[in-house]
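Worksheet: the structure to be examined is printed underneath.
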Amino acid sequence: MSQTEQTTMGAEVRISRILVPTDFSPGAEPALRWAATLRQVFGAELILLHVLNLNMAALAGLPSDFLRVPAAGELLQRIRDESVEEMSRLAAKYPGARTLIREGSPRPVILEVAKEVGADLIVMGTHGWTGLTQLLFGSVAEHVVRHSPVPVLTVRQDEAQ
Ligand code: ATP
Ligand code: MN
């Protein structure tokens, strides 16, 4: 490529960090395989992120003051421990990946973490635990696609092979 052509096309895109948000559901797995391949191609770092939504208790219909009863502390701890275990199981399949577990609402937290770690690309499933009840995207995927300042690669579960 000539100097002029390079200038016209602008600077090359560098992909140094790939962020994969995962809810540990089967819907998130194909995205992980894509990310793992892209990471090798680009020599990028792979960052796995799980956002622990502790408001799930409220969503599951438990009373709003549930998190204040003593037994709730134990339950929360168990939920936290389980996500640490899930994350280590996943990380074992992707050696060298950085892992992050954050607490909060998945939609804003994924975008915040993308900014914080300097992700150049987000790779995620179109659906998660809720599955294919929604036509195109689950709500987390849709929000990230709409608001992410960096490109988002979405991978459908049935198109991943
Ligand atoms: P919804 O949650 O809207 O009912 P869904 O569960 O089918 O629908 P999403 O939650 O949008 O779909 O999932 C799309 C992708 O977003 C998943 O492949 C998943 O990895 C990622 N994701 C969803 N929730 C989280 C989370 N809590 N932490 C990290 N990634 C998540
Ligand atoms: Mn979901």
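The values are calculated or read from the model by the stated rules, or taken from the named source; none is laboratory data. Bear in mind that the values here come from a model prediction, so they are computed numbers and not experimental data. Counting neighbours? That spans all protein chains shown, and the Cβs are built from the backbone with ideal geometry, glycine included.
Please state which of the following conditions residue 158 fails to meet, knowing it meets all the rest: (1) in a helix (DSSP H, G or I); (2) within 14 Å of ligand 1 (Cβ to nearest atom); (3) at pLDDT 95 or above. The failed condition is (3).
Can you tell me which residue among 97, 141, 91, 119 is surrounded by 15 or more Cβ atoms within 10 Å (Cβ to Cβ), more than 13 Å from ligand 2 (Cβ to nearest atom) and under 12 Å from the mean Cα position of the chain (by Cα)? Answer to the check: 119.
When the test is whether a residue is surrounded by 14 or more Cβ atoms within 10 Å (Cβ to Cβ), part of a loop (DSSP other than H, G, I, E, B) and of a type outside the set (Asp, Glu), residue 128 passes it.
All of 31, 36, 57 fail the test of being within 16 Å of ligand 1 (Cβ to nearest atom) and at pLDDT below 70, apart from 57. No other residue among 98, 107, 156 is more than 26 Å from residue 43 (Cα to Cα) and charged (D, E, K, R) apart from 107. Filter segment 23-38 down to the residues that are touching a helix residue (DSSP H, G or I) at 6+ places or on another chain (Cβ under 7 Å) and crowded, with 22+ Cβ neighbours inside 10 Å and list them by number. 27, the sole residue that qualifies.
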